[in-house]
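In what follows, a single structure is set out as structure tokens and then discussed.
The numbers here are math on the coordinates, done by the rules we state, and not lab data. Bear in mind that the values here come from a model prediction, so they are computed numbers and not experimental data. Cβ sites come from the backbone with ideal geometry, for glycine too, and all protein chains shown count toward neighbours.
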Amino acid sequence: MDFSNPISNLFGKSPIRPLQEHMSLVVSCAKQLEPFFDAVITDKWDNASEVFDLIVENEQQADRLKKEFRLSMPKSLFMPMSRGDLLSILAQQDEIANTTKDVCGIVLGREMNIPTVLQTDFIGYIKSAIETCEKALKAINELDELLETGFSGQEVKFVKKLIRELDAQEQKVDKKERKLRHRLFKIEADIPPVNVMFLYSTIDNIGAIADTAERVGNRLELLLAK
Amino acid sequence: MDLFSEYGTILIIMAAMFGLFMAWGVGANDVANAMGTSVGSKALTIKQAICIAMVFEFAGAYLAGGEVTSTIRKGIVDSDVFSDQPDLLVFGMLSALLAAGTWLLIASVMGWPVSTTHSIVGAIVGFAAVGVSNDAVNWDKVSTIVASWVVSPVMAGTISFAIFRSVQRLILIHDNPFERAKKYAPMYMFAVGFLMAMVTLLKGLKHVFKDVGITLSFGENALVAVGFGILVTMLGTYLLTKVERDVSKEEDNRFYNVEKVFAVLMIFTACSMAFAHGSNDVANAVGPLAAVVSVVNSGGDIAAKSSMPSWILLLGGAGIVFGLATYGYKVMGTIGRKITELTPSRGFAAELGAAATVVLASGTGLPISTTHTLVGAVLGVGLARGIGALNLRMVGAIFLSWVVTLPAGAALSIVFFFFFKGVFG
């Protein structure tokens, strides 16, 4: 006989931990950009392909988590934050993994070469973008502490500071993106046009990853507004 | 009356068995509800929770349960109507016990969140209104009781909300929550000790004191309660000195050590919850039994002023302990595993709000549902943005169980009533 019980049925599964798990999975996916482009630059396409498999696996796992998360959030759940805000955070987080996979997929498929003069800047640009994601993860990881304080006091200030740092980091990425594009523009005449197009789009997409990470932070800010 | 001299012993044995059955149900299911929050927030292990439950359930029933027992025993029915037909009261109380016990068993198997209190009140009203006559029910009292079922969860929610907000304001929003937690925790401990002592003195021990010839004024009672509160605070402060800050754990969760302080606090609220539950819910099993025993022993004299034999309370206590030991620990484990999201600071606020409400209700003799009150308290903490996710469907289920339990308890009770009347009458 298994009695169902009013007190235990009263508690739903808190969305916070799954959301954090999803974010950390997504960020570890984005982190693969660095080894991936390291392999691309050194022309080790076997290595790049291995890293890409890892990215795909991470992305699929994140997708599964996302579905699970959505299914465990019925409308009857009463939460200290709005269901819509949480779902939009989740959607943004998922976007990070999707874009990462898309970028790497195209680079791998076309066996794209990064021009030698751009390589150092390019790796620096990727590192900055990854750092943006990590900062977003750090902010998301504060969600349980936010809940603990009932979204008030020092903790809110702390999270706001984290979000400011995240915004600043994204601006750094922007700056690097402009610089990189300008340098590419200087040499674009020497590269086959189709390759140039794809280089521009790769740079754009990596910038989009940082943008999305910033949007995760912005959505989090919405939760702080009372 | 012939009936009582002929069948008196059998009737008492039957009542005792039904009462034991009911107490077993309370121990198996209800106690776990009351203590589950402590286990879920990991403030107590299941073993510790059961030990606390055994001691404080019994203390609550014995020291502060008198008023509710007497409401169940003679407050719901109008004793004047039964004075020339005491046999009907005995059959009625027997059927009420059996009906409530049966309904609880059915509901538990089906997983409905019904309350022991609602079942027994519904059953008593049922046999009296339909089996005897409409006048046999003390409708004024019944409407007060029903109103208290609405008021108690709301009140518990309000208190818990306020307590949790005070925890936020005083402790959690500051830079040094650990020091502040240690500073303010004794204040909450005092509140727990004072409240329990005050209700016990004013309502429970009043009769004991009268017997030995001591009368205390309200002020003197308050003074004793303050003394008890200070005693509890001292014990708590001692326990708090043993809580050491483990800074390495704060990296992952900044409130790790603060929660350790609240876990100590929760030992006290768990005691108060068990005490409150004992003071209110044991009466559900013991009240009808007491009514039967008193009528049979006095040979049918309803009005006779008989004090409740202590074996009845013992039986109630034993039934609860038995229920806990055979099944309650399992339910407690299930609840504990399911509500891990509840941290000690939240669990403490919910328990204290619920315990305060139940103890106050017990003091005024109102039989309320501990489980529903606790649900109200948890929702109160949730409204203070304190709980990750609450399943509001449960509130609907509880409301539905209300609508079903009263007529179901009443209908079963009516059937059993005519059955007993046919067999013995």
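Return the FRET efficiency for the residue pair residue A:83, residue A:24: r is the Cβ-Cβ distance, R0 is 22 Å, and the value is rounded to the nearest 0.05. That pair, residue A:83 with residue A:24, gives E of 0.50. Take each residue of peptide B:29-41, count the partner chain Cβ atoms within 10 Å of its Cβ, and average: the result is 2. Peptide B:165-172 shows a mean partner chain C-beta count of 3 within 10 Å per residue C-beta. Working note: Debye formula, equal point scatterers on the alpha-carbon atoms of the stretch B:369-425, no solvent; log10 I(q)/I(0) at q = 0.22 Å⁻¹ is -0.87.
Compared with the dominant principal axis of the Cα atoms in chain B, helix B:218-241 is inclined by about 50°. Output the pairs from B:47/B:330; B:141/B:421; A:101/A:175; A:127/A:161; A:138/B:338; A:101/A:179 with a Cα-Cα distance over 19 Å in this structure; if there are none, say none. From the list (B:47/B:330; B:141/B:421; A:101/A:175; A:127/A:161; A:138/B:338; A:101/A:179), the Cα-Cα distance tops 19 Å for B:141/B:421; A:101/A:175; A:127/A:161; A:138/B:338; A:101/A:179. GNM, chain B, Cα, under 10 Å: largest mean-square fluctuation among B:109, B:137, B:282? Ranking B:109, B:137, B:282 by mean-square fluctuation puts B:109 first. Taking each DSSP H run with n ≥ 4 as -39500 (n - 2.57) and averaging over every residue of the protein assembly as shown yields -26000 deg cm²/dmol at 222 nm. Relative intensity of the stretch B:1-60 on a log10 scale, I(q)/I(0) at q = 0.20, 0.25, 0.27 Å⁻¹, equals -0.77, -0.99, -1.06, per a Debye sum over C-alpha point scatterers of equal strength in the absence of solvent. So if I place +1 on the C-beta of Lys and Arg and -1 on the C-beta of Asp and Glu, and nothing else carries charge, what would the dipole magnitude of the stretch A:87-157 be about its Cα centre? I want it in debye, nearest 20. That gives a dipole near 300 debye. Each of the peptides A:43-52, A:18-27, A:56-65, A:189-198 was scored by the mean count of other Cβ atoms within 10 Å over its residues; in descending order, highest first, they stand as A:18-27, A:56-65, A:43-52, A:189-198.
State the Cα centre-to-centre distance between the stretch B:1-43 and the stretch B:357-425 in whole Å. The stretch B:1-43 and the stretch B:357-425 have Cα centres spaced 17 Å from each other. For the peptides B:173-183, B:264-274, the ranking by mean Cβ contacts within 10 Å, running from highest to lowest, is B:264-274, B:173-183.
Contact order, relative form, for the stretch B:260-412: 33 percent (alpha carbon pairs under 8 Å, 6 or more residues apart, mean separation divided by residue count). Its residue count N fixes a reference of 2.2 N^0.38 Å for chain A, and the Cα radius of gyration divided by that reference is 1.16.
In terms of packing, defined here as the mean over residues of other Cβ atoms within 10 angstrom, the peptides B:116-128, A:135-147, A:80-92 line up highest first as B:116-128, A:135-147, A:80-92. With contacts taken as Cα pairs under 8 Å at a separation of at least 6 residues, chain A carries a relative contact order of 29 percent. In percent, rounded to a whole number, the relative contact order of the stretch B:2-424 is 42, using alpha-carbon pairs under 8 Å and six or more apart. With a simple spin-label model that places each label point 7 Å from the Cα along the Cα-to-Cβ direction, the separation between residue B:179 and residue A:110 comes to 6.0 nm.
Per-residue shielding of B:328-335, expressed as the average number of other chain Cβ atoms within 10 Å of the residue Cβ, stands at 3. Principal-axis analysis of the Cα atoms of chain B puts helix B:139-167 at an angle of about 10° to the longest axis. When every Cα-Cα distance of chain B is counted in 10 angstrom steps from zero, the calculated P(r) takes the values 5, 23, 31, 23, 12, 5, 1, 0 percent.
Taking a ≥ b ≥ c as the square roots of the eigenvalues of the Cα gyration tensor, an a/c ratio of 1.5 or more together with a/b no larger than b/c marks the stretch B:43-110 as oblate.
Report the Cα centroid-to-centroid distance between the stretch A:63-135 and the stretch B:130-205 in angstrom, as an integer. Answer, in whole Å: 47.
Computed about its Cα centre, the charge dipole of the stretch A:14-224 is approximately 580 debye, with only Lys, Arg, Asp and Glu carrying charge at their Cβ. Magnitude of the charge dipole for chain B, about its Cα centre and with charges confined to Cβ atoms of Lys, Arg (+1) and Asp, Glu (-1), is about 1260 debye.
For the protein assembly as shown, the fraction of alpha-carbon pairs lying more than 33 Å apart is 55 percent, rounded to a whole number.
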